[in-house]
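Undergrad: Below is the structure I would like to discuss, written out as structure tokens.
The values are calculated or read from the model by the stated rules, or taken from the named source; none is laboratory data. Since we're looking at a predicted model, the values are computed, not measured. Don't worry about glycine lacking a Cβ; one is built from the backbone with ideal geometry, like all the others, and counts go over all protein chains shown. The accessibility values were calculated without ligands, DNA or RNA, using every heavy atom of the protein model including side chains. Shrake-Rupley method; radii C 1.70, N 1.55, O 1.52, S 1.80 Å.
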Amino acid sequence: MSRIAWITIGAAVLGGVIAVGVILARGDGGNPATPPAGATTTTRGFTLPLAQDPAAFALAKHAGNLLVGIAAKVGGPIDVAALRAETPLATDTLRFELDGTAAEASSCGNGCSRIDASVLDGAPSVLTVRDGSSELRFALPARLPPSGDGLFARASRTMGALRAYRFNEALTSGRGGVATEYEVQAPNRLSLRVRGTGAFRSVIIGRTRWDYHDGRWERSSFPGLKVADVLMWHRATHARVVGHEANGVTDLAAFGLEPVPAWFRVSVEPSGRVVEAEMIAASHFMTHRYRDFNAPIEITAPK
């Protein structure tokens, strides 16, 4: 049986046209390879040498279809990955400022720029990255945020042990967007409905899938589903604590290569349940909001 590294059924928003489909990342039945500490992380679109370093701090933001992601270590350097849609941006096309002063950068690979500056070593810093008229700012704390690996692992276990839950997904490529409602029932059932006119619907039970087309359900085979794989963030690594909310929720930031190279932000309740998760990847900016944990959800085959 093929391993499903991750599944989200949503939409690709391309040129203003919404094409609903299935985005799948499949493996060969084994666990995904994890680069050794210090190894260069190379993806299909960009290179980010520090991304998988357990001593680094990874963050990302986007403005429209511009993605800027960073990885920084105590005392520096700062690696910056920048993409416009899925096109990596060269160092000499970008402008950088650190605490309001122009910063020199050198190339560290495809779409990667390195700034040799001392950060996370006692004083907060603000990094600004500009591409044309687009600007993104990153507030770096005075010290390296503490590890969130323990809480992240607990959140993965807690969410993976749920009998059922619901979540809403907001997905955009930087232009337009689509909203989808999901229901999940352990161990291998999922249903979805895309909001709006001509809403798409689908049901997956194990190795069978049904899609609603032209007033009727169409049945097809499916590689297989595990509800843990619906959690698009669960293969991220080296989580760090980046915030505490008044209601007890802890915010974590992490980076992962599965299902695609992406930065994640995960909000975890004291119970270990995740209430919100954000994924930032090339042309794929997605937010999940989870609710109705262990609700009496029953997903059945359409008739």
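Undergrad: Can you work out ³J(HN,Hα) from phi for every residue in region 263-268, in order, using Karplus 6.51 cos²θ - 1.76 cosθ + 1.60 and θ = phi - 60°, giving whole Hz and x for Gly and Pro?
TA: Computed from phi, the couplings for region 263-268 are 9, 10, 10, 10, 9, 10 Hz.
Undergrad: Count the net charge of all other residues whose Cβ sits under 9 Å from the Cβ of Val68, scoring Lys and Arg as +1 and Asp and Glu as -1.
TA: Numbers: positive: Lys61; negative: Asp131.
In short, 0.
Undergrad: Of all the C-alpha pairs in region 195-269, what % are more than 14 Å from each other?
TA: Numbers: 1985 of 2775 pairs.
In whole percent, the long-distance tail amounts to 72.
Undergrad: Here is a follow-up. How many percent of the alpha carbon pairs in region 74-210 exceed a separation of 26 Å?
TA: Details: 4956 of 9316 pairs.
Everything past 26 Å amounts to 53 percent.
Undergrad: Now for a different question. Show the residues, 5+ positions off or on another chain, whose built amide H is closer than 5 Å to the amide H of Arg273.
TA: Long-range HN contacts for Arg273: none found.
Undergrad: Now, a different point. Accessible area per residue of region 77-234 at 1.4 Å probe, in Å²? Please list the in-between numbers first.
TA: Numbers: 7420 Å² over 158 residues.
With all protein chains present, region 77-234 gives 47 Å² per residue.
Undergrad: Packing-wise, with mean Cβ within 10 Å as the measure, how do 247-257, 89-99 rank, highest first? Before the final figure, lay out each step's value.
TA: On the way: 247-257: 19.4, 89-99: 15.8.
In descending order of packing, they fall as 247-257, 89-99.
Undergrad: Which number do you get for Rg(Cα) / (2.2 N^0.38 Å) in region 261-303? The partial results should precede the final answer.
TA: Values: Rg = 14.3 Å, N = 43, 2.2 N^0.38 = 9.2 Å.
Against the compact-globule rule of thumb, the ratio is 1.56.
Undergrad: Residue by residue through region 175-190, which ³J(HN,Hα) values in whole Hz follow from phi under the Karplus form 6.51 cos²θ - 1.76 cosθ + 1.60 (θ = phi - 60°), with glycine and proline marked x?
TA: Coupling constants for region 175-190: 9, x, x, 8, 10, 10, 10, 10, 10, 10, 10, 5, x, 8, 10, 8 Hz.
Undergrad: To continue, here is another question. Taking amide H positions as placed in the peptide plane 1.01 Å from N, state which residues far from Ala295 in sequence (5 or more) or on other chains have amide H under 5 Å from it.
TA: Long-range HN contacts for Ala295: Ala164.
Undergrad: Roughly how big is region 124-220's charge dipole about its Cα centre, with Cβ charges of +1 (Lys, Arg) and -1 (Asp, Glu), in debye to the nearest 20?
TA: Numbers: 16 positive and 9 negative charges, 66 e Å.
With only Lys, Arg, Asp and Glu charged at Cβ, the dipole is about 320 debye.
Undergrad: While we're here: What aspartates and glutamates does Lys303 reach when the alpha-carbon gap must be under 14 Å and sequence neighbours fewer than 8 apart in one chain are set aside?
TA: Asp211, Glu218
Undergrad: Here is a further query. Setting aside same-chain residues fewer than 8 positions from Lys61, which lysines have a Cα under 20 Å from its Cα?
TA: Cross-link targets: Lys73.
Undergrad: What residues qualify as long-range amide H neighbours of Phe200, i.e. H under 5 Å apart, gap of 5 or more or another chain, H built at 1.01 Å from N?
TA: Counting only residues 5 or more places away or on other chains, the set is Val194.
Undergrad: Now for a separate question. Of all the accessible heavy-atom surface of region 172-298, with the other protein chains kept in place and a 1.4 Å probe, what percent is carbon and sulfur? Before the final figure, lay out each step's value.
TA: Details: 2360 of 5440 Å².
Whole-percent figure for carbon plus sulfur exposure: 43.
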